[in-house]
Amino acid sequence: MADVLDATGLRCPIPVLRARKRLKTMAPGDRLEVLTDDPVSPIDMRHFCATEGHNIVEAHEADAPYRFVIAKAG
């Protein structure tokens, strides 16, 4: 079961910053589900995960709200 972060209504860079903050409190391998409607979120979340080493295990990027399930790096 993934922890859920509802970042709908928030604009860049707030969804990424909140995801980073939440992931810091989680154990390696734990999953965070992020919901956002910011149109640049698909780019931002992928960049954030690539630079931090986290893995996007599931993504819905076709239309808002966008949904990302991120496994914390370990």
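The values are calculated or read from the model by the stated rules, or taken from the named source; none is laboratory data. Remember, it's a predicted structure, so these values are computed and weren't measured experimentally. As a convention, Cβ positions derive from the backbone with ideal geometry for all residues, glycine included, and neighbour counts pool all protein chains shown. We work out accessible area using only protein heavy atoms, side chains counted, and drop any ligands, DNA or RNA first. Shrake-Rupley method; radii C 1.70, N 1.55, O 1.52, S 1.80 Å.
If you fit an axis through the alpha-carbon atoms of helix 41-52 and take the longest principal axis of the Cα set of the chain, what angle between them do you get, 0 to 90°, nearest 10?
20
How much length is gained on full extension from GLU33 to ILE14, taking 0.36 nm per residue of separation minus their Cα-Cα distance?
5.3 nm
Taking the Cβ of MET26 as the center, what net charge do the other residues with Cβ under 15 Å away carry, scoring Lys and Arg +1 and Asp and Glu -1?
+3
Modelled label-to-label distance, HIS47 and ALA2, 7 Å Cα→beta-carbon offset: nm?
Roughly 2.1 nm, to one decimal.
On C-alpha positions alone, give me the angle between the axis of helix 14-24 and the longest principal axis of the chain, in degrees, nearest 10.
Between the helix axis and the principal axis of the chain, the angle is about 10 degrees.
Using helices alone, I'd like the mean residue ellipticity at 222 nm for the chain: each DSSP H run of four-plus residues gives -39500 (n - 2.57), total over residue count, nearest 500.
-9500 deg cm²/dmol, from helical runs alone.
I want the local charge near ALA64. Using Cβ-Cβ distances under 9 Å, sum +1 for each Lys or Arg and -1 for each Asp or Glu among the other residues.
-3
Could you pull out every residue, at least 5 positions away or on a different chain, whose amide H is within less than 5 Å of the one on ASP30? Hs are placed 1.01 Å off N in the peptide plane, and Pro or chain starts have none.
Distant-sequence amide H within range of ASP30: LYS72.
Place a point 7 Å from the Cα of GLU61 along the Cα-to-Cβ direction; which residues of the stretch 22-53 have their backbone N under 18 Å from it?
Hits in the stretch 22-53 for GLU61 at 18 Å: 32-53.
Using only the heavy atoms of the protein chains and a 1.4 Å probe, how would HIS54, HIS60, HIS47 rank by accessible area, largest first?
The residues order as HIS47, HIS60, HIS54, largest area first.
Can you give the accessible area of ASP63, probe radius 1.4 Å, in Å² rounded to 10?
Using a 1.4 Å probe on the heavy atoms, I get roughly 80 Å².
Taking springs between alpha-carbon atoms closer than 10 angstrom, which of PRO42, PRO15, PRO28 fluctuates most in the Gaussian network model of the chain?
PRO28
Using a Gaussian network model of the chain with C-alpha springs under 10 Å, which one of VAL16, VAL34, VAL57 is most mobile by mean-square fluctuation?
Greatest mean-square fluctuation among the candidates belongs to VAL57.
Only Cα pairs under 8 Å and at least 6 apart count here; give the relative contact order of the chain as a rounded whole percent.
36
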